[in-house]
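The values are calculated or read from the model by the stated rules, or taken from the named source; none is laboratory data. No experiment lies behind these values; they were computed from the predicted model shown. Please note: Cβ atoms are built from the backbone with ideal geometry, for glycine as well, and neighbour counts cover all protein chains shown. Areas reflect the complete protein model, heavy atoms only, side chains present, ligands, DNA and RNA absent. Shrake-Rupley method; radii C 1.70, N 1.55, O 1.52, S 1.80 Å.
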Amino acid sequence: MAQISVEQEPVPKRKKDSLLIRFAKQWDIQLMVLPALALIFVFSYIPMYGILMAFQDFNIFKGMGDSPWAGFKHFEMFFESPEFMTVMRNTIVISLLKFLIGFPAPILLALMLNEVRHMFFKRLVQTVSYLPHFLSWVIVSGFAISLLSTDNGSVNILLQKLNLIEEPLNFLSIPEYFWTILVTTGVWKEIGFSSIVYLAAVAGVDPHMYEAADMDGASKFRQIFTITLPSIMPVVSIFMILAIGNLLTAGFEDILLLAKNPVLREVSDVIDTYVYRIGIENSRFSYATAVGLFKAVISVMLLTIANLIARKSGNSLW
């Protein structure tokens, strides 16, 4: 029996609306975004005009319009300065320590809290771990200084009770202890609040996957490594990209408050504190702007490289 083929007419492609038409259709939603865009434009893009100071011998009385141009003079001065290696070493080491310890810490906390079945205890731990985030670094540094104080400091009293030390130690004047104190304080302050996103991601995992794993006899640890972590990996990848982009942001407020002792400058001076000291305290605005611009350029490069690597797994930002 002969088959009769029926040719289907091609479906005409729908013409894509222009940007203006799409904006008009979503005018109410777009209006909600405008305040955030205005905030970013005013406080992030307009101040970029000040980057020109990095290429000038800026004079506060002449202003940016009449200050003479200096080219890359201030960048060369920074690269040739005796503080360059110290500042870069401290910045990279402190940033890496915060990344290697501070980045996985909230993920581990989220995984552990997800396994807690007693709701009262779970909420109590969440509340206690969230609270330090809402305290300013002035208060947190005050806690740390009090705990490490030689006069009735809890840490010194405990170490003496355990016969580990004979006399109280002034921890915040010993360079060998500073990185440990800084990273520990930072992790304690942010671990709870940073775990919120990961807890939300874990809560979105299909529970049927855990039921199937239980039927197959998989242990809790096995389920974490085969179900939970792969399921939240897109969220982890995005935050890792952002963290890598901020690798040269070793900190400012925490270092400025905990490293008041000049003895610690050799291990505490990072790019942000160096810019503050040179630019604000010594009024070398062009030089400080050049150092800050150098940090920004390297950060953008790191962010781009991290995004290109993550794109291979399909979890990139753009």
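So, in the chain, how many Lys pairs have Cα atoms under 19 Å apart, if the pair is 8 or more places apart or on different chains?
Working: Lys15/Lys25; Lys16/Lys25; Lys73/Lys295; Lys98/Lys189; Lys98/Lys295; Lys122/Lys189; Lys122/Lys220.
Lysine pairs satisfying the spacing and distance rule in the chain number 7.
For Kirkwood radius over Cα pairs in Å, one of (i) 20.8; (ii) 19.5; (iii) 24.5 was computed from the structure I shared and the rest are decoys. Which label?
Label (iii) holds the value from this structure.
So how far apart, in nm, are the two label points at Leu159 and Val116 if each is 7 Å from Cα heading toward Cβ?
Computed distance between label sites Leu159 and Val116 equals 3.0 nm.
If the elastic network links every pair of Cα atoms under 10 Å, which of Tyr276, Tyr210, Tyr287 fluctuates the most in the Gaussian network model of the chain?
Tyr210
What nm distance separates the two modelled labels at Val138 and Leu96, each placed 7 Å from Cα along Cα→Cβ?
Inter-label distance under the simple model: 3.5 nm.
Please report, as a whole percent, how much of the solvent-accessible surface of the chain comes from carbon and sulfur atoms (probe radius 1.4 Å). Don't jump to the answer; show the numbers that get you there.
Values: 14180 of 20950 Å².
Roughly 68 percent, rounded to a whole number.
With every protein chain present, what accessible area does Trp318 have (1.4 Å probe, heavy atoms only), rounded to the nearest 10 Å²?
140 Å²
With a 1.4 Å probe and every protein chain left in place, work out the accessible area per residue of the chain in Å², rounded to a whole number. All intermediate terms of the calculation are to be shown ahead of the outcome.
On the way: 20950 Å² over 318 residues.
Here the per-residue accessible area is 66 Å².
Suppose the chain between Arg89 and Trp27 were pulled fully straight at 0.36 nm per residue; how much longer would it get relative to their current alpha carbon spacing?
Working: separation 62, 0.36 × 62 = 22.32 nm, distance 4.98 nm.
Stretched fully, the Arg89-Trp27 segment lengthens by 17.3 nm.
Can you grab the distance from the C-alpha centre of the range 116-170 to the C-alpha centre of the range 202-254, Å, no decimals?
Value for the Cα centre distance between the two parts: 28 Å.
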